[in-house]
């Protein structure tokens with residue numbers, strides 16, 4: 001066994017590498033989620049129906065970008081291992097394949113959403129104002145989908161090659177631009193028209209375009225950048241590489257598609273409770289994502305570092321890293337659960353809803369506090385460890401069974417059969433997260449997930 005360190009030993013290099021990968025991802029995600037929080041606050045002040053409409057419309061983007069993430073995740077299993085042996089040629093080929101996949105998916109999504117806009121919003125709510133607001137928003141914002149996805153190729157692959165500083169700065173500027181344009185176009189400041197939800201959509205399109213252009217300029221400013229391939233280099237992938245990427249990316253893509261579609265179906269159940277429940281669920285998701293950003297950093301650092309070690313055939317080191325990352329994630333869960341609970345009332349006050357909606361928001365967020373540990377440990381184990389080792393098919397099956405055989409039925413049983421309020425329905429749905437965690441921990445200890453792929 002070509003191993004480099006004892007399983008129980010972790011030095012400064014380990015933590016320095018973890019922080020160098022994880023912190024930019026945390027910052028980048030916090031920036032993105034902060035934008036969503038600002039959006040929900042600004043739109044929420046227009047009215048609960050406007051917020052419910054935009055929340056419903058954004059579930060389409062959520063599904064789209066998560067499908068892309070699934071493909072990127074599968075491809076990154078190989079990409080991280082190629083970076084471990086500094087194979088830049090194959091990194092560029094995989095990047096080109098990601099561009100082709102993303103552009104094709106974006107085109108199909110834009111056409112489909114444009115044809116079925118009102119029908120899509122109607123899945124989440126039968127209230128006519130919600131459908132009207134959601135359709136008006138979605139018709140504009142869908143043009144940001146290709147820009148966002150192509151930019152994600154660069155940002156995601158920058159993570160795998162440990163070059164996240166510049167993309168993080170670019171995303172920060174894009175968020176600031178989006179926030180300023182939201183302020184101008186939603187409310188009509190600085191001589192610009194008051195466009196409401198359509199203004200929020202237009203601001204997003206402009207900010208995404210500027211972000212994508214800046215990312216491309218950054219990558220190609222240096223010919224030595226690992227992602228700066230010429231067109232012929234990017235498109236030089238052969239059938240064998242496509243098969244290898246597809247072998248790893250297909251399970252993760254199916255898994256993420258099933259998960260994102262399933263969790264979006266939850267919102268259909270929430271919408272059946274009422275537009276206030278749909279709006280509160282949107283706020284809860286954004287707030288929870290702010291706390292989950294820390295686990296995105298830990299989980300993605302874990303995935304990259306394990307992938308790099310397996311690329312060098314260091315299986316024992318990879319397993320040791322997995323155990324250590326779970327300990328780090330558990331400690332982080334304890335700290336963030338306490339912080340989340342202490343911030344509940346300030347968060348509720350931040351949104352300035354009426355008394356009944358504020359009480360509903362507080363109770364719903366409390367459920368998210370209770371489930372912070374199982375949800376985020378599950379994310380670390382599944383995304384950071386099992387997938388990084390090549391166990392994508394196992395994770396796919398687990399996601400399919402968890403969301404569609406447990407989560408979705410429980411959501412509709414709670415909302416339509418038991419007629420429970422939103423907090424109780426959310427608590428019922430999250431049972432599947434706790435069960436998946438137990439299964440993931442069992443699989444991790446088996447060591448069957450750790451595979452050398454390159």
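The values are calculated or read from the model by the stated rules, or taken from the named source; none is laboratory data. What you are looking at is a predicted structure, and each value in this text was computed from that prediction instead of being measured. FYI the Cβ positions are ideal-geometry reconstructions off the backbone, even for glycines, and counts take in every protein chain you see.
Brief remarks on what is shown
- Answer residue from the stretch 113-130, given it is assigned to a helix (DSSP H, G or I) and buried (at least 22 other Cβ atoms within 10 Å of the Cβ) and is farthest from the chain's Cα centre (by Cα) among those: 130
- Any hit, the stretch 251-269, residues being modelled with pLDDT of 90 or more and over 23 Å from the mean Cα position of the chain (by Cα): no
- At least 2 residues being closer than 17 Å to residue 299 by Cβ is the threshold, and among the helices (runs of 4 or more DSSP H) wholly inside the stretch 352-454 those reaching it are 372-379, 392-399, 431-446.
- Flag if residue 453 is under 30 Å from residue 304 (Cβ atoms), touching a helix residue (DSSP H, G or I) at 6+ places or on another chain (Cβ under 6 Å), modelled with pLDDT under 90 and surrounded by 23 or more Cβ atoms within 10 Å (Cβ to Cβ): no
- Close pairs from the stretch 347-374: first on the phi > 0 side of the Ramachandran plot and surrounded by fewer than 16 Cβ atoms within 10 Å (Cβ to Cβ), partner at pLDDT below 90 and not in a helix (DSSP H, G or I), Cβ under 9 Å, at least 6 apart: 352/45
- From 101, 155, residue being in a helix (DSSP H, G or I), in contact (Cβ under 8 Å) with a residue 12 or more places away in the chain, under 25 Å from the mean Cα position of the chain (by Cα) and under 26 Å from residue 30 (Cβ atoms): 155
- Looking across the stretch 158-177, the residues that are surrounded by fewer than 23 Cβ atoms within 10 Å (Cβ to Cβ) and part of a helix (DSSP H, G or I) come down to 165, 166, 168, 169, 170, 172, 173, 175, 176, 177.
- Test: residue in the stretch 207-214 that is under 27 Å from residue 71 (Cα atoms) and without any contact (Cβ under 8 Å) to a residue 24 or more places away in the chain: yes
- Of the residues examined, residue 411 is one that is more than 25 Å from residue 329 (Cα to Cα), buried (at least 20 other Cβ atoms within 10 Å of the Cβ) and modelled with pLDDT of 90 or more.
- Scoring residue 307 on the criteria (1) under 26 Å from residue 59 (Cβ atoms); (2) surrounded by 24 or more Cβ atoms within 10 Å (Cβ to Cβ) leaves a single failure, condition (1).
- Boolean, residue 79 is within 18 Å of residue 257 (Cβ to Cβ), assigned to a helix (DSSP H, G or I) and over 18 Å from the mean Cα position of the chain (by Cα): no
- Scan of the stretch 207-244 for residues that are touching a helix residue (DSSP H, G or I) at 6+ places or on another chain (Cβ under 6 Å) and outside any helix (DSSP H, G or I), ordered by number: 225, 226, 227, 228, 229, 235, 236, 237
- Per the conditions (1) at pLDDT below 90; (2) part of a helix (DSSP H, G or I); (3) over 25 Å from residue 72 (Cα atoms), the sole criterion not satisfied by residue 202 is (1).
- Qualifying residues in the stretch 97-112 (those that are in contact with a helix residue (DSSP H, G or I) (Cβ under 8 Å, 6 or more places away or on another chain) and surrounded by fewer than 20 Cβ atoms within 10 Å (Cβ to Cβ)) - the one farthest from residue 78 (Cα to Cα): 110
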